[in-house]
Amino acid sequence: MKTKDLDKSFVANTYGRFDLEITRGNGSLVYDSEGKEYIDLSTGIAVNTFGMCDPVWINAVTNQLNKYQHTSNLYYTEPCARLARLLCEKTGAKKVFFGNSGAEANECAIKVARLWASENKGDEYFNVVTLKNSFHGRTITTLSATGQDVFHKYFNPLTDGFVYAEANNLESVEKTFSENKCCAIIMELVQGEGGVVALNPDFVKGVSDLCQKYNNLLVIDEVQTGNGRCGTLYAYQQYGITPDVITTAKGLGGGLPIGACLMFDKTENTLKPSLHGSTFGGNPVACAGAISIIERIDKDLLNGVLERSEYIFNSLRNSKGIKSVSGLGLMIGIETEGDVSVILSKCMEKGILPIKAKNKLRLLPPLNIPMDQLKKAVEIIKEVARENI
Ligand SMILES: *Cc1c(COP(=O)(O)O)cnc(C)c1O
């Protein structure tokens, strides 16, 4: 049987896959089973930070594989310890817990928030505020945190203790803080799955002030926005706030599964022995790869992200057939006049691979995509949007 038939027969039917099998890749280019070349504009949903088969990352991962692949968290391992130090040095965080996905990083943050509240406010302050239109994961608890009813349907009863406030509406946040016994608010600074919408900076600053006023933790979900994607190592660094916890995953591992929950001053000693854990968390191969990613997200690389971002915004804004361009850095949403699914399939025919977010075309290219490939991809998007109004 061919891959597609095997998959249809034996893999759980949870994904609406495109009719495309990727068989290899090189940097920002990927190839399908017929040998057709595409410019990759989605990097496995913001995962392949430096594109496919990045040689520095491959070297870091294979070096570690030749030493040992896993030990359990009963022993010390160098890649895990070094990655934690690197993340703390670059953010001001004090401690890191490693898991294997974004959902797991958020689960950790929720446990930290409730544990912190039980020590500092009282057990009854268990409520966590999240924003409408947010996305925080697929486990029952992170699904409960996700502020979109469509994801909740069929899975009741959800985890208790989540209340939802309106994004970009400070009064709504203050109302939820004052009417519920809360421990934290969790929010994405650019709502990714929600349509690539950046929160308004005044709102974010205001939420940070309200967290001070109500003694609630400020938790930033940087699963998608983090690791250079938005033009700073973490997106919160351009909002003038200091979070109490950040979570990240996706681009951190450069292609291997890893998630991290970073705890700042208030929460650095909240987790204690036996209160949390993970068999695979801090896996040495994933951590070695992640070190090679984070070490390279420096000023030069980030300037390159901003340059590419500006190029995309300037080229697409006011182009015929495009209603709006949203997002931050290389996390971009494009609202088209024509039907987005039609536009997406035409883009694929012409050899580029964007994805969707709600009713928008979503771009998450490699942070180092060569300018000539990016220009070619942008011209194709303009052409397809213009021809399919
Ligand atoms: C993707 C995503 C998650 C979930 O991450 P998984 O690795 O799929 O569990 C959580 N939060 C945000 C903001 C995301 O974009």
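Near the amide H of residue 29, within less than 5 Å, lie the amide hydrogens of 40, 52, all on another chain or at least 5 residues away, with H placed in the peptide plane.
In this structure, the residue pairs whose Cα-Cα separation is over 19 Å, taken from 175/213; 356/382; 8/36, are 8/36. Between 106, 48, 133, the GNM of the chain built on Cα springs shorter than 10 angstrom shows 133 fluctuating the most. Available extension along the chain between residue 242 and residue 32 is 71.2 nm, counting 0.36 nm per residue and deducting the alpha carbon span. Taking the protein heavy atoms of the chain in the context of the full set of protein chains, the accessible area attributed to carbon and sulfur is 51 percent at 1.4 Å.
For the pair segment 113-140 / segment 338-370, the C-alpha centres are spaced 34 Å from each other. The orientation-averaged shadow of the Cα convex hull for segment 1-143, equal to a quarter of the hull surface, comes to 13.5 nm².
Give me the percent of Cα-Cα pairs in segment 306-389 that sit more than 18 Å apart, rounded to a whole number.
32 percent
The slack between residue 272 and residue 119, meaning 0.36 nm per residue of separation minus the straight C-alpha distance, is 53.9 nm. Principal axis extents of the C-alpha atoms in the chain (largest first, rounded to whole Å): 59, 52, 46.
Hey, with R₀ at 45 Å, roughly what FRET efficiency would residue 156 and residue 59 work out to, going by the Cβ-Cβ distance, to 0.05?
Details: r = 48 Å, r/R0 = 1.06.
Using R0 = 45 Å, I get an efficiency of 0.40.
Comparing 89, 188, 307 in a Gaussian network model of the chain (Cα springs below 10 Å), the most mobile by mean-square fluctuation is 89. With each label modelled as a point 7 angstrom along the Cα→C-beta vector, the residue 67-residue 371 pair spans 3.8 nm.
For the chain, modelled as a GNM whose springs connect Cα atoms under 10 angstrom apart, the maximal fluctuation among 132, 67, 94 occurs at 67. Straight Cα distances below 19 angstrom link residue 121 to the aspartates and glutamates 160, 174, 179, 209, 244, 265, 268, with same-chain residues fewer than 8 positions distant left out. Highest-first packing order for the peptide set 220-226, 280-286, 265-271 is 220-226, 280-286, 265-271, based on the mean count of other beta carbon atoms within 10 Å. Estimated from helical segments only, the mean residue ellipticity of the chain at 222 nm is -11500 deg cm²/dmol, where each DSSP H run of four or more residues counts as -39500 (n - 2.57). Remark: relative contact order (segment 28-97) = 16 percent; criterion is Cα-Cα distance under 8 angstrom and separation of 6 or more residues.
In this structure, the residue pairs whose Cα-Cα separation is over 27 Å, taken from 132/250; 153/272; 250/299, are 153/272. As an exercise, use a Förster radius of 35 Å and the Cβ-Cβ distance of residue 300 and residue 172 to find the FRET efficiency, rounded to the nearest 0.05. Approximately 0.30, to the nearest 0.05. Across the chain, the mean sequence separation of Cα contacts (distance under 8 Å, 6 or more residues apart), normalised by length, yields a relative contact order of 22 percent.
The values are calculated or read from the model by the stated rules, or taken from the named source; none is laboratory data. Source: prediction; values computed, not measured. Cβ: placed from backbone, ideal geometry, glycine included. Neighbour counts: every protein chain shown. Surface areas here come from the heavy atoms of the whole protein model, side chains and all, with no ligands, DNA or RNA. Shrake-Rupley method; radii C 1.70, N 1.55, O 1.52, S 1.80 Å.
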